[in-house]
1. Check off (1) of a type in the set (A, V, I, L, M, F, W, C); (2) at pLDDT 90 or above; (3) within 22 Å of residue 17 (Cβ to Cβ) for residue 72 and give me the number that stays unchecked.
2. Would you kindly identify the strands (runs of 3 or more DSSP E) lying entirely within region 1-106 that contain at least 1 residues that are of a type outside the set (Ser, Thr, Tyr), in contact with a Cys (Cβ under 9 Å, 6 or more places away or on another chain) and buried (at least 18 other Cβ atoms within 10 Å of the Cβ)?
3. Could you tell me whether residue 134 is assigned by TED's automatic domain parsing to the domain that holds residue 46, in contact with a helix residue (DSSP H, G or I) (Cβ under 6 Å, 6 or more places away or on another chain) and either at pLDDT 95 or above or under 18 Å from residue 69 (Cβ atoms) (or both)?
4. Of these, 207, 190, which one is out of contact with any strand residue (DSSP E or B) (no Cβ under 9 Å at 6 or more places or on another chain) and more than 15 Å from residue 3 (Cβ to Cβ)?
5. Across region 115-137, what is the number of residues that are part of a loop (DSSP other than H, G, I, E, B) and either in contact (Cβ under 8 Å) with a residue 40 or more places away in the chain or under 18 Å from the mean Cα position of the chain (by Cα) (or both)?
6. Which of the residues belonging to region 95-114 are small (Gly, Ala, Ser) and without any contact (Cβ under 8 Å) to a residue 12 or more places away in the chain?
7. Any chance you could count how many residues in region 169-182 are buried (at least 18 other Cβ atoms within 10 Å of the Cβ) and under 29 Å from residue 23 (Cβ atoms)?
8. List, please: which pairs have Cβ atoms under 7 Å, are six or more places apart or on different chains, and start with a residue in region 65-83 that is in contact (Cβ under 8 Å) with a residue 12 or more places away in the chain and within 22 Å of residue 116 (Cα to Cα) and end with one that is in a helix (DSSP H, G or I) and among the charged types (D, E, K, R)?
Amino acid sequence: MAELPKTLEDAIAQSCEAVKSALADGITRIQVELLFPELKFMTVAEQFLPQFTEYESRLKVFFADAGAAALARRDWTDTQFQISDIGTGRAASLEAKIQPEDEIFLFIAPTSVEVPQLEKLCELIGDRPVIMLTPRLEDSSVVGIGYTARETRRRFISTIESCYYIRPVDDESALFRCYPGQWEVWQEIEDEYQKIVELPKKPSGDELDAILLKGQTANTADATPARKPSVFKSLQRFIKALSS
C-alpha cells in the first residue's frame, strides 16, 4: 500500500512504479497528476524521464508548444528519445508526428487548449501507450469554451486512467491515488495524517467536502485508520523551496 510521499523524489518514484504497473496491466492511456501550484513541470519531467530510458529512440516526448520543445532540445542534449510539440493550430502536420517505429509517448504538461490536437494524436497512436505527465486538461481558468469543446474535453478525459494523483485539498487534507490502489482521502488529525476513506472512483468536489466534513473512516474490513507522520506539509514546503 502506497503512503503519502515525503519528498518530490518519493512522489515521482511512486508515480513511475504506478505507471509501470498500469502498463503491465494493459492500460494504454495514463496520466500522472501532482497538483501543487508551485510545482514546475520541467522539474518533474527531468526526474521522471530517466525511468523510461530503456525505450531509447522509441520514446517520443511531446510538449504543448514549439517553444517548450525547443528549450528541451537545447537543455537535454544527452538523450536518445525524440522531442516534438503537439502542434496547436497546425492540424495538417499532426499525422507526420506519429511514426510506426514510435513505441511509447509522453506528453508533458498538456492543457485543455490542446485537447483537440491530443485527441487526434491519440487516434493516430492507436493502442500504443500514452502517458500524460502533469496535465492540466481540466483547467478551470480557461474561459469562453463552448458546449462542443467542453464535450470533446470531457470525452477525451474519460478515456484516461489517472494512475497517480496527489492534491492538497487544504492545509490539513489531501486526495491521493497510486495505481493499482484506490482513491484515498487523508486528513490531519492531532498532528498526524490519517487515511479516513478509500473510494473506487475519484470523488467529486461535493463528495470530497462531505467526506472531510464528517471525517469518516474507510468502509473496509480493517476499520482502523492508517496513522502516518505528518509528511504532507513537509512535501508542500519542499516543493515551495524547490520552486523559489
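The values are calculated or read from the model by the stated rules, or taken from the named source; none is laboratory data. All figures in this text were calculated on a predicted structure; none of them were measured in a lab. Cβ placement follows ideal geometry from the backbone for every residue including glycine, while neighbour counts extend to all protein chains displayed.
1. (3)
2. Fully inside region 1-106 and qualifying: 29-34.
3. Against the criterion (assigned by TED's automatic domain parsing to the domain that holds residue 46, in contact with a helix residue (DSSP H, G or I) (Cβ under 6 Å, 6 or more places away or on another chain) and either at pLDDT 95 or above or under 18 Å from residue 69 (Cβ atoms) (or both)), residue 134 qualifies.
4. 190 is the lone residue from the list that is out of contact with any strand residue (DSSP E or B) (no Cβ under 9 Å at 6 or more places or on another chain) and more than 15 Å from residue 3 (Cβ to Cβ).
5. 6
6. Listed by number, the list holds a single entry, 96.
7. Selection size over region 169-182: 6.
8. 83/73
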